[in-house]
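So the structure is just underneath, and the comments pick up after that.
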Amino acid sequence: MIKNYLKIALRNFKANKFYTVINIFGLSIGLTCFVLIVLFVSDEMSYDTFHENHEQIYFIGVERKFGGDFKKSRITQYPLGRTAVDEVSGIENYVTITPPNPARVSLDNKDFLSGVGSIASSPGFFTLFGFPLKVGNPSVVLQDPGTVVITEKIAEQYFPNENPIGKTLFIDRYGIAEYTITGIAENGKKNSYLDFDLVFSIQGLSSTKSNLNSWGSSMYNTFAKLQNGVERTQIESVANEAFDTHLGEARAPNTNYFFVPISELYLSDLITPTGFKGSYVYIYIFMSIALFILVLANINYMNLSTARGMQRGREVGVRKVLGANKRQLIKQFLGESVILSLFSLIVAFTIATLVLPGFNQFFDKSLSLNLDENYWLILALISITIGLGALSGLYPAVFLSGFKTSEVLKGRPSNTIGGVSLRKILVVFQFSISTVLIVGTIVVLTQLDYLLNKDLGFEKEHTLYISFDSISNKSAFIDKIESHQAVISTSHSNGIPGRFYFSTSQEFDSQRPDVQFAAHVIATDEKFYETLSLQLLAGRYFEEGRSDDQKDAIVINEAMQKRMNWLSADEAIGQKLSTGDEVIGVVKDFHFRTLRTEITPVIINSIHTPSSSFSGGEVLVVRFLPDQMQDLIPYIQSTWNEIVSGSPMEYGFLDEQMDKLFETDKKLGTVFSFFAGIGILISCMGLLGLTAFSAELRTKEIGIRKVLGATVTNIVSLLSTDFLRLVAIGFTIAIPFSWYIMNKWLSDFAYRIDIGIGIFLLAGGAALLVSGLTTSWQSIKAATMNPVKSLKNE
Amino acid sequence: MIKLSGISKYLDKKFQRTFILRSIDLEIEQGEFVSIMGPSGAGKSTLLNILGFLDEPNDGEYYFLDEPVHNLSERQKSEYHKSHIGFVFQAYHLIDELTVYENIEMPLLYRKVKGKERKSLVADMLDKFNIVAKKDLFPNQLSGGQQQVVGVARALIGNPKLILADEPTGNLHSEQSEYIMQLFKQLNQEEGVTIIQVTHSDAMAAYGNRVINLQDGAIVTKNPY
Ligand SMILES: Nc1ncnc2c1ncn2[C@@H]1O[C@H](COP(=O)(O)OP(=O)(O)OP(=O)(O)O)[C@@H](O)[C@H]1O
Ligand SMILES: [Mg+2]
């Protein structure tokens, strides 16, 4: 019997190539999107699930009260982990680390290579986490100060043909120090918060010594392992009580610790997402888009199979007469849709494999789609596909099997053309989804355009910056650069827009000691203002040779002036902060972070102030004449080699740096356009199938109308208006939804466009145009057919 | 075998009731070969559909093998379709996507007959109706008469006790029609199959042993033509 069903199914697919292609095409595309996005999402959800007993491992985060509201942070104190194990029963182990960050590494203390992922850790690292060692005893390797465990990658890079154990490396993360290699770890897992190339002992760091018992300074990450069977809810309040006694009365009420399962850390709001990664928001966005696309494709299947019900009706009648019962018929039709879905899944896997490299590059992932690595995932996808196939086949199956035998066998049965209203609703639904996607695309692209062309308050073009950290001979280098004819001006600072690293949160107004807020602090030389073309609202910028500038003088931005409740820029001049610094100038607000946030207070110091301590982020900013850039870069490079040498020169362009802030949003624009395109394509293919079908059904009617004198236009509008009306209804329904959703997305931006009527007109116009073209293609074909032919056919 | 008493079928439309069948009383014994005749629109097909459980009367009682049909569930009805009743249609109603062989085989699939037995049964049928050479053709590659032969073969393969045929020769020319009627007669006489056919032709009716005349939904005694 199954063989018989299969035969019928396949011959049916073949006999109705047009519909089959529409179905398989739509389902394959829908499933491809689904497969890729499920791969992405399951990778995102898999972070730190590979540790043995990962259910027992928790990250301890903290909430601190700042000027009224709590702020979450993942940075905690050194003694936290130790205290947890000593004083809270139910916690059996802990690891304290410094947050994963790049360090510079060298064999000989001379040629340092930067960008090596590093973690400084207490001894328990390799026993608590699931990072297997190739060489070394997990419980011993980080026992002593000055030890380091390197990955195979680093081992190959620095010790290609020797045994690295016992050898030493110089690591520059908290000042340069020499470390002895005690173990080799397998290359770090990419799907872990703990992404490292090497792990060195936290003991022996000077900061460790000073923070050993300090509850006042936070710069660590703390992990705790609970005893088997202990729930975090049992632990949290006990732990907070224990910690509170150490924090003391001043800090305890403003501090609250919480436990996050290690597998949830990566997606938690403790960690800032990079691009699309590490954020539930994008998981939700992508997952919903993928489901939408899949639903669109399945709607096509449902619509086309019920619309074609008449053709199948006779088969249903005959089978019933021959003794088939309703259940057997439903099984048969369900089988057909499942077969079609599974076939589409095979196509989808093929397409997905082909586009995976591009997908990986775009999403900055290294996903793969093979059976041994994704065994469960693929199994799940197959089951989901079968489920979906059954689901989308269920309605047609029940619909078809319910035909009244005596009616279908009589010829054209009246109720087989039924299901019309549901079909209409589904088409409306399809075009609602498509419209939402189109509106989404237009909004994202318009917003991006707005962001990229917005006046930033400084000049980002023709400006480059050179990393200027920990090198000597700075002034000699600067002099040499300035002498080049292409250079307009240079400035030495420890921050450029897009890279303001330092911020301080405190009270700034001695009149209002209870008001705390955060301000970014940078230090620049006198030429910063001119080099970036900032605008001065009042007072002056630092001036060369004025020794008073180097003491307590600061320049602030407008946002700082307002935050201090100084009524105007002029009024701010001469005022003092609680720190004793005196305001000598106010600059107009300029964008130094993403445009998602309002411009926040900035305090600018003179870089010559003796107290301004630099610990990274220093740059030399160079404004140049664009037409001579070709000469300039090699010149700077050779000057660097000559004067600085040692480490390689790192440089970048300011406009690229700023654009990078919008990279994710740009990509989101691409994603939206892509999916909107696919959505409308699938919907239109469904529409194409339905118009073709209705034209086919009405061939005779069209023939008669033509014989009676109807023009082609009459007939095209006869066939198209019904469908276009549905598109228009779908569009109308989509307006409030898309308006709501996209405003929600926009509300994330402090600087944003308004969603005006124009955007909807554009989206509606696009939907109507595309669907109009689709329906008229089939209608015109039907309308221009020779009536004699169409009448004879009946 | 069949007992109808007071069977009516009507349509209610806005205060007005249109009768398709009016209070039909009818008994048909096992082994009869009955022809139902009457003008177009008389209700012949409707009656036949009711006899074959494809349609339900609005009034009256129908006993099939002494079993009240109105008490049968959908499942029991399809059981009867499998084991007792064979249908032959004016429009043949073969499944286009299946070959001659597969069309004939289909009732056996619903009857869950084992593969080997199925093969021999179908082979017998093909042999009996002389269509072995056509077994791999699709319906649209056959003439109307040939299609109807396949239709009859399909109706017979399940060894039905009753064959219901709605104008089985309506689309065939006289030579083909006679062939089909000969087949029916033979089945009726040699294998005792009860046959009820609808026809417009006296010649075709003559193959049977009883004629029921239908006019405006009621049985009339004299030939209405
Ligand atoms: N579903 C229906 N809705 C409305 N009227 C119907 C329906 N089915 C049958 N009829 C009416 O019932 C009457 C009998 O129809 P039926 O098909 O039984 O006639 P018939 O005797 O088989 O005619 P013919 O010889 O032309 O096949 C006709 O008048 C027909 O219009
Ligand atoms: Mg009839």
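The values are calculated or read from the model by the stated rules, or taken from the named source; none is laboratory data. As the structure is a computational prediction, the values presented were derived from the model and not from experiment. FYI the Cβ positions are ideal-geometry reconstructions off the backbone, even for glycines, and counts take in every protein chain you see. SASA here: full protein model, heavy atoms, side chains in, ligands and nucleic acids out. Shrake-Rupley method; radii C 1.70, N 1.55, O 1.52, S 1.80 Å.
Side notes on the structure shown:
- For the protein assembly as shown, share of DSSP beta bridges that run antiparallel, in % to the nearest 5: 70
- Taking every DSSP beta bridge that has both ends in the range A:472-646, the antiparallel portion is near 65%.
- Nonlocal amide H pairs with A:I599, under 5 Å, H built at 1.01 Å: none
- In terms of its C-alpha gyration tensor, chain B has a prolate overall shape, because the principal axis ratio a/c (a ≥ b ≥ c, square roots of the eigenvalues) is not below 1.5 and a/b outweighs b/c.
- Based on Cα contacts under 8 Å between residues 6+ apart, the range A:513-655 shows a relative contact order of 29 percent.
- Estimated from helical segments only, the mean residue ellipticity of chain B at 222 nm is -10500 deg cm²/dmol, where each DSSP H run of four or more residues counts as -39500 (n - 2.57).
- Just so you know, the averaged projected area of the alpha carbon convex hull for the protein assembly as shown sits at 58.6 nm².
- Length-normalised contact order for chain B - Cα pairs under 8 Å, 6+ apart - percent: 32
- Euclidean distance of C-alpha centroids, the range B:109-179 and the range B:1-73, integer Å: 27
- Length-normalised contact order of chain A in % [C-alpha pairs under 8 Å, at least 6 apart]: 14
- Between A:K134 and A:E701, the FRET efficiency estimated from the beta carbon spacing at R0 = 60 angstrom works out to 0.20.
- Calculated FRET value between A:E249 and B:D59, using beta carbons and R₀ = 60 Å, to 0.05: 0.05
- The charge dipole of the range A:472-646, taken about its Cα centre with unit charges on the Cβ atoms of Lys, Arg (+1), Asp and Glu (-1) only, comes to about 420 debye.
- Sorting A:F468, A:F399 by accessible area puts them as A:F399, A:F468; the probe is 1.4 Å, largest comes first, and only protein heavy atoms count.
- Inter-probe distance in nm under a simple model that places probes 7 Å from Cα toward Cβ, at A:I425 and A:I2: 3.5
- Area accessible to solvent at B:K135, 1.4 Å probe radius, in Å²: 70
- Coupling constants for the range A:299-308 follow from the phi torsions by the Karplus curve (6.51 cos²θ - 1.76 cosθ + 1.60, θ = phi - 60°), and in residue order they are 5, 3, 4, 4, 5, 5, 6, 6, 4, 7 Hz; glycine and proline get x.
- Shape category assigned to the range A:40-111 from the gyration tensor of Cα positions, a/c cut at 1.5: rounded
- A probe of 1.4 angstrom, applied to the heavy atoms of all protein chains, finds A:D86 with accessible area near 110 square angstrom.
- Carbon + sulfur, % of accessible area of chain A - ligands and nucleic acids excluded, 1.4 Å: 56
- Extents of the range A:472-646, largest first, come to 53, 32, 26 Å (Cα atoms, principal axes, whole angstrom).
- Sequence-distant residues sharing a close amide H with B:V198 (under 5 Å, placed H): B:I36, B:A165, B:D166, B:E167
- Amide H contacts under 5 Å for A:R540, placed H, 5+ residues apart: A:G585, A:V586
- Ellipticity estimate at 222 nm from DSSP helix runs (n ≥ 4, -39,500 (n - 2.57)) divided over chain A, nearest 500: -16500 deg cm²/dmol
- Table column - 3J(HN,Hα) (Hz), the range A:215-232, Karplus curve with 6.51, -1.76, 1.60, x for Gly and Pro: 9, x, 10, 10, 8, 10, 10, 10, 10, 10, 10, 7, 5, 3, x, 7, 8, 5
- Between the range A:548-599 and the range A:645-694, the alpha-carbon centres lie 39 Å apart.
- Per-residue ³J(HN,Hα) for the range A:243-259, Karplus 6.51 cos²θ - 1.76 cosθ + 1.60, θ = phi - 60°, Hz, x for Gly and Pro: 5, 4, 5, 7, 5, x, 5, 5, 8, 3, x, 9, 10, 9, 9, 9, 9
- Accessible area that becomes buried as B packs against A, both chains, 1.4 Å probe, Å², nearest 100: 2300
- Accessible surface of B:T169 - all protein chains present, 1.4 Å probe, nearest 10 Å²: 20
- Over 26 Å between alpha carbons, listed pairs A:K331/A:K781; A:K331/B:K9; A:K65/A:K189; A:K277/A:K744; B:K3/B:K82: A:K331/A:K781; A:K331/B:K9; A:K65/A:K189
- Model label points for A:D659 and A:E530, set 7 angstrom from Cα along the Cα-to-Cβ axis, are 2.9 nm apart.
- Spatial offset of the range A:332-385 relative to the range A:27-48 amounts to 9 Å, using the alpha carbon center of each.
- For the range A:73-214, accessible area per residue (1.4 Å probe, heavy atoms of protein chains only), Å²: 41
- Here each label is just a point 7 Å from Cα along the line to Cβ, and for A:K14 and A:M629 those points are 6.1 nm apart.
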